[in-house]
Amino acid sequence: MEEVELSPPHPHEIRIKVFSSSLCRSDISAWESQASSAIFPRIFGHEASGIVESIGEGVTEFREGDHVLTVFTGECRTCRQCTSGKSNVCQVLGLERRGVMHSDQKTRFSIKGKPVFHYCAVSSFSEYTVVHSGCAVKVSPNAPLEKICLLSCGVAAGLGAAWNVAAVSEGSTVVIFGLGTVGLSVAQGARLKGASRIIGVDTNPDKCEKASDNNLCVPVFDVILLNFLSQVIKRITDGGADYSFECIGDTGMITTALQSCCDGWGLTVTLGVPKVKPEMSAHYGLLLTGRTLKGTIFGGWKPKSDLPSLVDMYMNKEIEVDKFITHDLPFEDINTAFSLMREGKCLRCVIHM
Ligand code: CXF
Ligand code: ZN
């Protein structure tokens with residue numbers, strides 16, 4: 001824990017008093033990254049809710065006191081991608097990887113005049129943060145900020161992968177690799193679309209137990225089975241599932257995910273963020289026989305356009321969020337959240353500022 005200075009919001013930015021921020025696996029992956037491009041010192045956190053504290057020049061859509069969710073991949077609403085009707089990958093405010101603000105490539109945080117870098121242009125593991133106004137979205141003031149922060153990344157990403165990217169159909173068969181919050185949210189999305197069979201795979205028996213307690217999928221974790229995973233899945237699904245989802249962030253699983261879905265129309269969606277090896281390979285024959293491999297960020301949701309309605313769905317009890325929160329922790333115990341996540345002992349830890 002350190003005291004940092006945070007500048008007032010620049011034009012088109014807002015300063016947010018962070019209310020809650022849940023820990024996502026990608027915060028840890030970036031923190032542990034050995035890549036030469038890794039940036040430090042840096043404030044992580046990107047799955048957050050808060051209240052607007054002040055607004056910069058030219059900001060018209062927010063006012064002090066508005067309740068917001070942060071958005072790790074922004075939406076400018078004017079670029080080619082935003083106006084295409086086909087994409088959520090904004091060309092202007094998309095995923096920021098250099099640890100600086102989109103507008104001037106500088107940081108708003110500092111310690112004794114030295115820059116402290118941002119993460120995904122959000123940096124919510126801080127009492128206050130500054131984000132571009134295109135990287136936050138106003139939500140209903142009636143929604144509980146300490147719960148809906150999960151919609152800022154994990155839960156929305158999983159639901160969107162099932163609904164927007166795969167468009168899971170009624171009666172279909174689905175297999176999900178990785179039963180963390182993202183994988184279980186895919187399962188929730190598939191169930192709500194009427195999938196008849198949802199098989200979940202994870203090597204962590206605790207995660208499998210949580211999945212079956214929540215009645216979200218039929219888990220497979222038998223270690224012997226895991227060695228013959230795609231054969232087993234093919235056998236029990238009469239030739240392969242209609243859809244498979246890679247939610248682990250293990251590029252080595254792409255082949256298994258492709259092999260686990262069927263010839264002809266099998267669709268594999270990859271949404272895990274690789275922890276170590278970003279390159280992937282698969283036998284071309286898997287595609288030649290009619291499979292499709294699709295990638296997605298944030299489940300295809302256009303964050304500013306689509307998140308408010310997801311919050312409303314939660315308020316109307318049409319989607320579940322609370323069941324993914326296994327721990328609530330005060331900010332000073334944030335390291336406990338990191339340990340729990342690294343040891344695979346939690347789904348989401350919500351950190352309260
Ligand atoms: C991730 C998406 C891929 C790059 C790092 C951030 N977002 C959410 O977990
Ligand atoms: Zn995330």
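The values are calculated or read from the model by the stated rules, or taken from the named source; none is laboratory data. The structure displayed is predicted, hence computed values, not measured ones. So basically every Cβ, Gly included, is an ideal-geometry build from the backbone, and we count neighbours across all protein chains shown. These area figures cover heavy atoms from the full protein model, side chains too; ligands, DNA and RNA do not enter into them. Shrake-Rupley method; radii C 1.70, N 1.55, O 1.52, S 1.80 Å.
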Please report the antiparallel percentage of DSSP beta bridges with both residues in the chain, rounded to the nearest 5. 50 percent
Among Leu192, Phe245, Leu229 - extreme Cα towards positive end, dipole of region 180-247, charges at beta-carbon: Leu192
Mind checking which of Leu288, Leu69, Leu159 has the largest fluctuation in a GNM of the chain, springs on alpha carbons under 10 Å? Leu288
Suppose every K and R has +1 on its Cβ and every D and E has -1 on its Cβ; what is the size of the dipole of the chain about the Cα centre, in Debye to the nearest 20? 820 debye
Sorting Met101, Met280, Met315 by accessible area (1.4 Å probe), largest first, what list results? Met280, Met315, Met101
Rh (Kirkwood, all Cα-Cα pairs) for region 1-96, Å, reads 15.5 Å
The computed P(r) of region 12-66 puts the percent of Cα pairs beyond 17 Å at 53 percent
Charge dipole (debye, nearest 20) of region 237-342; +1 at Cβ of Lys and Arg, -1 at Cβ of Asp and Glu: 360 debye
When only C-alpha pairs under 8 Å and at least 6 residues apart count, what is the relative contact order of the chain, in percent? 18 percent
Taking Tyr314, Tyr128 and ranking on accessible area (1.4 Å, protein atoms only), highest first, one gets Tyr128, Tyr314
Over the chain, with a Gaussian network built from C-alpha contacts below 10 Å, which listed residue (Gly154, Gly134, Gly65) shows the highest mean-square fluctuation? Gly65
Using 0.36 nm per residue, how much length does the chain from Glu170 to Glu5 gain when fully extended, once their Cα-Cα distance is taken away? 54.2 nm
Eigenvalues of the Cα gyration tensor times 5, then square-rooted: what semi-axes does that give for region 158-297, in whole angstrom, largest first? 19, 17, 15
Among the lysines, which have Cα under 29 Å from the Cα of Lys147 when same-chain residues fewer than 8 positions away are ignored? Lys17, Lys138, Lys193, Lys207, Lys210, Lys275, Lys302, Lys304, Lys317, Lys323, Lys345
If Rh is defined by the Kirkwood formula over all Cα pairs and Rg also comes from Cα, what ratio Rg/Rh do you get for region 93-204? 1.10
Express in Å², to the nearest 10, the accessible area of Asp328 obtained by rolling a 1.4 Å probe over the protein heavy atoms while all chains stay in place. 90 Å²
Alpha carbon convex hull of region 222-353, projected area averaged over orientations, nm²: 11.0 nm²
May I ask you to rank Arg235, Arg108 by accessible area, largest first, using a 1.4 Å probe over the protein chains only? Arg235, Arg108
Pairwise over distinct Cα atoms, reciprocal of the mean inverse distance: report the Kirkwood radius of region 310-353 in Å, one decimal place. 11.5 Å
How large is the Kirkwood hydrodynamic radius of the chain, counting all unique pairs of alpha carbons, in Å? 20.6 Å
Convex hull per residue volume in Å³, alpha carbons only, for region 128-179: 153 Å³
So what's the back-of-envelope 222 nm ellipticity for the chain, counting only DSSP H runs of four-plus at -39500 (n - 2.57) apiece and dividing by all residues, rounded to 500? -6500 deg cm²/dmol
